[in-house]
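The structure under discussion appears below in the form of structure tokens.
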Amino acid sequence: MRFLPVGRRALLVELNDQQAVLGLYAEILRRREAGWPAAPTDVVPGATTVLLDGLEDPAGAASDIRGWPPVPPPPPSEASVEIPATYDGPDLEEVARRWGMTKREAVATHVATPFQVAFCGFSPGFAYLAGLPRHLAVPRRESPRPSVPAGSVALAGGYAAVYPRSSPGGWQLIGRTSLAVWDPARDPAPLLSPGTRVRFVEAGT
Amino acid sequence: MRGDAPGLLVLRAGSLTTVQDAGRRGMAHLGVPPSGALDPPAWRLANRLVGNTEGAAALETTVTGVALQALRACTLAVTGAVAPASVDGRPAAWGVPLRLGPGQVLDVGPATAGVRCYVAVSGGVAVEPVLGSRSTDLLSGLGPPPLRDGDSIPIGLSGGPVPAVDFAPYAPPPAALDLSLHPGPRMDWLSAGGLRTLAAGTWRVATASNRIGLRLDGPALERAGEGELASEGIVGGALQVPPDGLPLVFLADHPTTGGYPVVGVVDPAGVAACGQARPGTPVCFRLRRAGPLVGRPVSWEPGLCEAGER
């Protein structure tokens, strides 16, 4: 665990892997709820980091965290969000080729993968889903599309995602869902937040 | 704009006028930018001048101002960028409460110093909040859209008493930015030469600057090596170094995560000044030491810091 400075009111904790990130994230939220005096106002997980923002005393917070007993891995959440997807994305063929599979096999692989939200960023409700084995990581497209439809099911790096709204995007599009993963008028607005477990199912099956 | 109690009619929306308040806090983990007024002291002052609580939503204009017609009696005030104001064509003072009767028109002209004016109205701008805030977020699209000609802006019931002030002293935006910069998480991504440039260089605010970030033209900051950074959380005021080496200071509508190194963080006073910096404004950085972090002083090379800094 490394502690890095982020100005006068924030702190970045660098960890070994995504499970350690989710574990620390859950522990900070738990302790904040329990009244931790040095608690941050925002806790933002990243790929291998947790950012604590809105700290009165970053050094004190770091010292507290250093003193916590080793954080257990996060318990598997009871619920899993199921995302129905139609696998007709323009990049599905390319992804299957990279994976050395037929399109059917690629879809079956995606549907069989247990995903978990590693972190959110890029736009409200955009959740980076971890779970694909490393060898199935695909690069972003050479040139991003100026407009990716809302609900697009996508892959880039080692992550999967669903675009919460239409935006420019460089990820590989393998399908689409009509499920609104983000709706600011709904309570809760997000369906996917850090730690949420996710499975894709082929729509109509 | 929805609302039950029309208060202001937009006669001239200006180049970019948005509703702003304190923004959306506590949701960065969902990818929601904080948003909110870019110059919080100016925004809070405008609210106080019209008898509102400091956190009421107001209008934030960009360079060319705005023209509003009162649909009922109300009090307005203009702060932030220095700009000529008039009521029904007669010059009105900047930085004081202006009482308007129904039908009267407040026109805020082009800024002569600074970029963004804050126009507060008694009762506050009362559009529907989204995720607890009325702020327009230009990165994510949350909140109300920017003002258009002909929009009707709802305002709340009048707030508190309007203060009896002749003039609220307020320093106009400076002609050059001298930004205090505290250590960031990836300062070791700059080479020694890059750090020296950061400490001693001068940039100019680029025209591509906006509510998301202040872009700078000038010397590129040299990196220590190749490599990519995995996405990590970003704070307001973060100074990020993209591949082209030109520093970018993140402002209110900043993305919540990013994969380019953040080498320092501008303090809140500096961030507010960035919100008023016109393109072409010279910018330099003063590197500040941070306090000990877990028993180890975290700092730039001493030679780069201001002498006597704590």
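The values are calculated or read from the model by the stated rules, or taken from the named source; none is laboratory data. All of these numbers come straight from a predicted model, not from anything done at the bench. Using ideal geometry, Cβ is built from the backbone for each residue, glycine included, and neighbour counts are taken over all protein chains shown. Each accessible area value is taken on the protein alone, full model and side chains, heavy atoms only, with ligands, DNA and RNA left out. Shrake-Rupley method; radii C 1.70, N 1.55, O 1.52, S 1.80 Å.
Things worth noting here:
- Cβ-defined net charge surrounding A:Thr86, 12 Å radius [Lys, Arg +1; Asp, Glu -1]: -1
- Relative contact order for segment A:26-184: 19 percent, from Cα pairs under 8 Å spaced at least 6 residues apart, divided by residue count.
- Of all accessible heavy-atom area on segment B:123-204, the percent that carbon and sulfur account for (1.4 Å): 58
- Volume of the convex hull of segment A:1-81 (Cα atoms only), normalised per residue: 100 Å³.
- Inverse of mean 1/r across different Cα pairs in segment A:49-145, Kirkwood, Å: 17.3
- Per residue, the Cα convex hull of segment A:76-205 amounts to 102 Å³.
- Among the residues of B:173-181, the average count of other protein chain beta-carbon atoms within 10 Å of the residue beta-carbon is 0.
- Helix B:40-49 and the longest principal axis of the C-alpha atoms of chain B enclose an angle of approximately 20°.
- With eigenvalues of the C-alpha gyration tensor scaled by 5 and rooted, segment B:1-113, Å: 24, 16, 14
- The phi-based Karplus calculation (6.51 cos²θ - 1.76 cosθ + 1.60; θ = phi - 60°) puts the 3J(HN,Hα) values of segment B:121-136 at 10, 4, x, x, 6, 10, 5, 5, x, 10, 6, x, 9, 9, 5, 7 Hz, whole numbers, x for Gly and Pro.
- Cα-Cα pairs of segment B:173-225 separated by more than 17 Å (percent): 47
- Folded to 0 to 90 degrees: helix A:58-67 orientation relative to chain A principal axis, Cα: 80
- Chain B - mean residue ellipticity at 222 nm from DSSP helices (-39,500 (n - 2.57) per run, n ≥ 4, rounded to 500): -2500 deg cm²/dmol
- Charged-residue dipole, Cβ positions (Lys, Arg, Asp, Glu), segment B:1-144 about Cα centre, Debye nearest 20: 120
- Per residue, the protein assembly as shown exposes 41 Å² of solvent-accessible protein surface, assessed with a 1.4 angstrom probe and all protein chains in place.
- Per atom type, chain A shows carbon and sulfur on 53% of its accessible surface, probed at 1.4 Å.
- Fraction of beta bridges assigned by DSSP in segment A:85-205 that are antiparallel (%, nearest 5): 95
- Per residue of peptide A:178-184, the mean number of Cβ atoms on other chains within 10 Å of the residue Cβ is 2.
- Compactness relative to 2.2 N^0.38 Å, alpha carbon Rg of segment A:145-205: 1.14
- Judged by the mean number of other Cβ atoms found within 10 Å, the most tightly packed of the peptides B:47-58, B:174-185 leads the ranking B:47-58, B:174-185.
- Between 0 and 90 degrees, the angle of helix A:103-112 with respect to the longest Cα principal axis of chain A falls at about 30 degrees.
- At q = 0.07 Å⁻¹, base-10 log of I(q)/I(0) for the protein assembly as shown (Debye sum, equal scatterers on each alpha carbon): -0.42
- At least 50 Å² accessible surface lost relative to isolated chain, residues of segment A:30-70 (1.4 Å probe): A:Asp42, A:Val44
- In chain B, the convex hull through the Cα atoms has an average projected area of 16.6 nm², a quarter of its surface area.
- Computed about the Cα centre, the dipole magnitude for chain A is approximately 340 debye when only Lys and Arg (+1) and Asp and Glu (-1) carry charge, each at its Cβ.
- Restriction of the trypsin sites (Lys or Arg not before Pro) in segment A:109-205 to DSSP coil positions whose beta-carbon has at most 14 other beta-carbons within 10 angstrom yields A:Arg140, A:Arg186.
- The charge dipole of the protein assembly as shown, taken about the Cα centre with unit charges on the Cβ atoms of Lys, Arg (+1) and Asp, Glu (-1), comes to about 160 debye, rounded to the nearest 20.
- When accessible surface is computed with a 1.4 Å probe, chains A and B are found to bury approximately 2800 Å² between them, both chains counted.
- Per-residue mean of foreign Cβ neighbours for B:141-154 is 1 (Cβ atoms of other chains, 10 Å radius).
- Note on A:Ser166 and A:Arg66: the model spin-label points, each 7 Å out from Cα along the C-beta direction, lie 5.2 nm apart.
- Listed residues B:Pro129, B:Ala111, B:Trp94: farthest to the positive end of the dipole of segment B:91-164 (Cβ charges): B:Trp94
- The accessible-area loss of segment B:216-240 on complex formation, taken against its chain alone with a 1.4 Å probe, reaches 20 Å² or more at B:Ala230, B:Ser231, B:Glu232, B:Gly233, B:Val235.
- Loop-located GluC sites (Glu not before Pro) in segment A:78-171 (DSSP state not H, G, I, E or B) with no more than 10 neighbouring Cβ atoms inside 10 Å: A:Glu78, A:Glu142.
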